[in-house]
Amino acid sequence: MPAHSFNKIAFVASDQPEAAEACNRLTKEYGSCSPEEADVIVALGGDGLMLQCLHAHMRDNTPIYGMNRGSVGFLMNEYNEVDLIERLKAAEVTKIHPLIMRAKDIDGNELSRLAINEVHLFRRTHQAAKLRIGVDGKTRMEELISDGVLLATPAGSTAYNLSVQGPILPIEAPLLALTPISPFRPRRWRGALLSNQAKLKIDVLEPNKRPVSAVADHDEVPSVITVWIEEARNIDLLMMFDPGHNLDERILSEQFLY
């Protein structure tokens, strides 16, 4: 990315004191403009703030460079106030695509949501969910009895997906991870790897008796009966990482932790 792309920087911070203090110092040193005018957005916080920024600027095509001033910083670079412009010039850009979820609820309403990490369906009561799973127009599982199921992007494969024993995906892999959440029947099903071109359909069986919510990242749609999910390839999200610490490297390193 050429040097002149960093004439206008927008600093945004989480509500944590150390993030706010860092934002004040950096603004005094480098100046700041609104995110709508910026050549680059510098996000100061943790992974939650990075996801908020990506959602807020989903269609702006503005690169986002995160610096960790939070508790979890998998998507963030190390914090350093020195030579920020040079760091931005040297940063590597990773392009990712979100998922688009279309959900029909029990009243017949249809809603659309976007997810950067994952879309998951989860039971709303003490009773397990009963789900039917179809891929590209063909039913692949007639009945999954479980707490739920999720579909994760490579960028999100180290988040909720990993915590329920799903696979970690390299960021450039043209794949999505379909992972059950506490499966009861079939008990030994551990999920599937799908092409990122796949179109997933999940039907909720017995929705009145066993209500299910669908969640795109943090955005919940309650009492769904059918959910369709696919990659939104028309939306490019640009994340910036220091050389040697890009998302590919972080995801690869995560697979060797024990």
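Please report the orientation-averaged projected area of the chain, defined via the convex hull of its C-alpha atoms, in nm². Could you put the intermediate results ahead of the total?
On the way: hull surface 58.8 nm².
Computed as one quarter of the Cα hull surface, the answer is 14.7 nm².
Which one, Gly48, Gly166, Gly137, has the greatest fluctuation when you compute a Gaussian network model over the chain with C-alpha springs under 10 angstrom? Comparing Gly48, Gly166, Gly137 in a Gaussian network model of the chain, the most mobile one is Gly137.
Taking all Cα pairs closer than 8 Å and separated by 6 or more residues, the relative contact order of the range 99-231 comes to 33 percent.
Dipole magnitude for the chain: computed about the Cα centre from +1 point charges on Lys and Arg Cβ and -1 point charges on Asp and Glu Cβ, it is near 1320 debye. Think of it as helices only: each DSSP H run of n ≥ 4 in the chain is worth -39500 (n - 2.57), and spread over all residues that comes to -4500 deg cm²/dmol at 222 nm. Give me the distance between the Cα centres of the range 26-78 and the range 187-249, rounded to whole Å. Here the two parts' Cα centres lie 24 Å apart. Derived scalar couplings between HN and Hα for the range 227-234 equal 10, 10, 9, 7, 6, 8, 6, 7 Hz in order, rounded to whole Hz, by the Karplus curve 6.51 cos²θ - 1.76 cosθ + 1.60 (θ = phi - 60°), x for Gly and Pro. Scattering from the range 99-231 was approximated by placing one identical point on each alpha carbon and applying the Debye formula without solvent; log10 I(q)/I(0) at 0.12, 0.15, 0.19, 0.20 1/Å stands at -0.38, -0.61, -1.03, -1.15. All other residues with a Cβ under 14 Å from the Cβ of Thr62 taken together, and with Lys, Arg as +1 and Asp, Glu as -1, what is their net charge? Combined, the nearby Lys, Arg, Asp and Glu give -2.
Pull out the extension gain between Glu220 and Arg25, defined as 0.36 nm times the separation in residues minus the alpha carbon to alpha carbon distance; nm, one decimal. Write out the running numbers ahead of the final one.
Details: separation 195, 0.36 × 195 = 70.20 nm, distance 3.63 nm.
Additional length available on full extension: 66.6 nm.
Across the cross-link table entries Lys138/Lys209; Lys95/Lys209; Lys95/Lys201; Lys28/Lys89; Lys8/Lys199; Lys8/Lys104, which are compared at the Cα atoms, the separations over 32 Å belong to Lys95/Lys209; Lys8/Lys199; Lys8/Lys104. The value of relative contact order for the chain, using C-alpha pairs under 8 Å at least six residues apart, is 21 percent. Listed by Cβ neighbour count within 10 Å, with the fewest neighbours leading, Arg87, Arg190, Arg69 appear as Arg190, Arg87, Arg69. Take every Cα pair under 8 Å whose residues are at least 6 apart in sequence, average their separation, divide by the length of the range 1-154, and the relative contact order is 16 percent.
Taking 1 over the mean of 1/r across every pair of different Cα atoms in the range 1-104, what Kirkwood radius in Å do you get? Can you show the working numbers first?
Working: mean 1/r = 0.0708 Å⁻¹.
After inverting the pairwise mean of 1/r, the radius is 14.1 Å.
About the centre of its Cα atoms, the range 99-231 shows a dipole size close to 600 debye [charges on the beta carbon of Lys, Arg (+1) and Asp, Glu (-1) only; nearest 20 debye].
Every read-out reported here was derived from the displayed coordinates using simple, explicitly stated rules and does not represent laboratory data. Quick caveat, the model's predicted, so the values are computed rather than measured. For neighbour counting, all protein chains shown are included, and Cβ atoms are generated from backbone atoms with ideal geometry for every residue, glycine included.
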